[in-house]
Amino acid sequence: MATLVSTADQAAMCGVDVRLAMLARSPLFAGLDDAALERVNDRCHAMATAPGDVVYRKGEPAERLYVVATGQLKLLEHDASGGEVVHDLCVPGSFLGGAPTLGDVAHAHDARALTHGCLLVLAAEVFEGIVRSEPTFALNALTLTSQRLRDAERTVQALSRRPVETQLATTLLRLAVRLGSTDAPARRLELALSQADLAAMSGTTPESVSRTFAAWQRRGLVARGRGWIELKDRAALADLAEGR
């Protein structure tokens, strides 16, 4: 399991500047001024993660929210045969977890670290206090919770009826926004996800992902190496994502 960061480790991995930068980057805290972000930071504690650490498991009580300061995590569950179904990738600035104030009773997925990193943790009672004292934060939380539900529904509907190229292109473009921004998506995706993880996120198989990447590399759409994927022809990938 992930562990609380020692004072020395926290200074090295998750110093105040890093913490404040990631809180500012998280959509959960968008619109809060510097003073408000500092108040939030003062009420967080830091948690270190190493590859394979489980932050929480599906079905456990939802009692904390986490903001990723450094590192990457994946949200997953297991199917009837025990295989992993990956739902999302969490990168610096992302938030995960849940709290009763948001209507969360239990976690819907497992959260597992892919890399070494640091999380900022808000206990449920701390989260509720910030909701009461920071109206902008409360509105952000409600908006993002609703957006997550809509996105999950659209993803399930889309992946049930689209070809592999469309599914994989959609996943890569979504990750590009996650690792960059809506206005400036990342071109080179530094990912700790395996090919099996990408397949699970795209509703297909690792073999299909491998064949699709091979075809795309021959066409000059992507390049890839260990731990990275470069989107060389974003326009063509966008066409594929739209089924064109």
**Request:** From the list 86, 91, 105, 131, pick out the single residue that is surrounded by fewer than 15 Cβ atoms within 10 Å (Cβ to Cβ) and among the hydrophobic types (A, V, I, L, M, F, W, C).
**Result:** 105
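Check 62, 24, 30, 50 and return the single one that is under 19 Å from residue 190 (Cβ atoms), in the same structural domain as residue 105 (by TED's automatic domain parsing), modelled with pLDDT of 85 or more and hydrophobic (A, V, I, L, M, F, W, C).
Values: 62 fails: under 19 Å from residue 190 (Cβ atoms); 24 fails: under 19 Å from residue 190 (Cβ atoms); 30 fails: under 19 Å from residue 190 (Cβ atoms).
Selected residue: 50, the only one of 62, 24, 30, 50 that is under 19 Å from residue 190 (Cβ atoms), in the same structural domain as residue 105 (by TED's automatic domain parsing), modelled with pLDDT of 85 or more and hydrophobic (A, V, I, L, M, F, W, C).
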**Request:** Kindly establish whether residue 189 is modelled with pLDDT of 90 or more and part of a strand (DSSP E or B).
**Result:** yes
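Which of the residues belonging to region 66-90 are under 8 Å from the mean Cα position of the chain (by Cα), part of a strand (DSSP E or B) and of a type outside the set (D, E, K, R)? It would help to see each step written out before you state the result.
The first filter runs over region 66-90 and keeps only residues under 8 Å from the mean Cα position of the chain (by Cα), leaving 72-75, 88-90.
Next, only the ones that are part of a strand (DSSP E or B) stay: 73-75, 88-90.
Passing the criteria: 73, 75, 89, 90.
Determine if region 31-38 includes at least one residue that is in contact (Cβ under 8 Å) with a residue 40 or more places away in the chain and closer than 25 Å to residue 198 by Cα. Working first, answer last.
Step one: list which residues in region 31-38 are in contact (Cβ under 8 Å) with a residue 40 or more places away in the chain, which gives 31-32, 36.
Okay, now just the ones that are also closer than 25 Å to residue 198 by Cα, so none.
No, every residue in region 31-38 fails to be in contact (Cβ under 8 Å) with a residue 40 or more places away in the chain and closer than 25 Å to residue 198 by Cα.
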**Request:** Can you work out which of the residues in region 26-50 that are of a type in the set (A, V, I, L, M) and assigned to a helix (DSSP H, G or I) is surrounded by the fewest Cβ atoms within 10 Å (Cβ to Cβ)?
**Result:** 35
**Request:** Filter region 173-205 down to residues that are over 19 Å from residue 22 (Cα atoms) and among the basic types (Lys, Arg) and give me whichever is surrounded by the fewest Cβ atoms within 10 Å (Cβ to Cβ).
**Result:** 187
**Request:** Please go through region 221-244 and pick out each residue that is surrounded by fewer than 11 Cβ atoms within 10 Å (Cβ to Cβ) and either at pLDDT 95 or above or part of a strand (DSSP E or B) (or both).
**Result:** 225
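Would you mind stating whether residue 100 is in contact (Cβ under 8 Å) with a residue 24 or more places away in the chain and of a type outside the set (A, V, I, L, M, F, W, C)? Before you say what the answer is, go through the steps one by one.
Values: in contact (Cβ under 8 Å) with a residue 24 or more places away in the chain: yes; of a type outside the set (A, V, I, L, M, F, W, C): yes.
Here the answer is yes, as residue 100 does meet what is asked.
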**Message:** Between a residue in region 160-188 that is within 17 Å of residue 89 (Cα to Cα) and in contact (Cβ under 8 Å) with a residue 12 or more places away in the chain and any residue that is among the aliphatic types (A, V, I, L, M) and part of a loop (DSSP other than H, G, I, E, B), which pairs come within a Cβ distance under 6 Å, given they are 6 or more apart or on different chains?
**Reply:** 176/186; 178/91; 179/91; 179/186
**Answer from 151, 183 - the residue that is modelled with pLDDT under 85, not in a helix (DSSP H, G or I) and not basic (Lys, Arg)** = 183
**Complete:** A careful count of residues in region 220-236 that are touching a Phe, Trp or Tyr at 6+ places or on another chain (Cβ under 7 Å) and charged (D, E, K, R) gives 1
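The values are calculated or read from the model by the stated rules, or taken from the named source; none is laboratory data. All values reported here derive from a predicted model rather than from experimental measurement. Cβ: placed from backbone, ideal geometry, glycine included. Neighbour counts: every protein chain shown.
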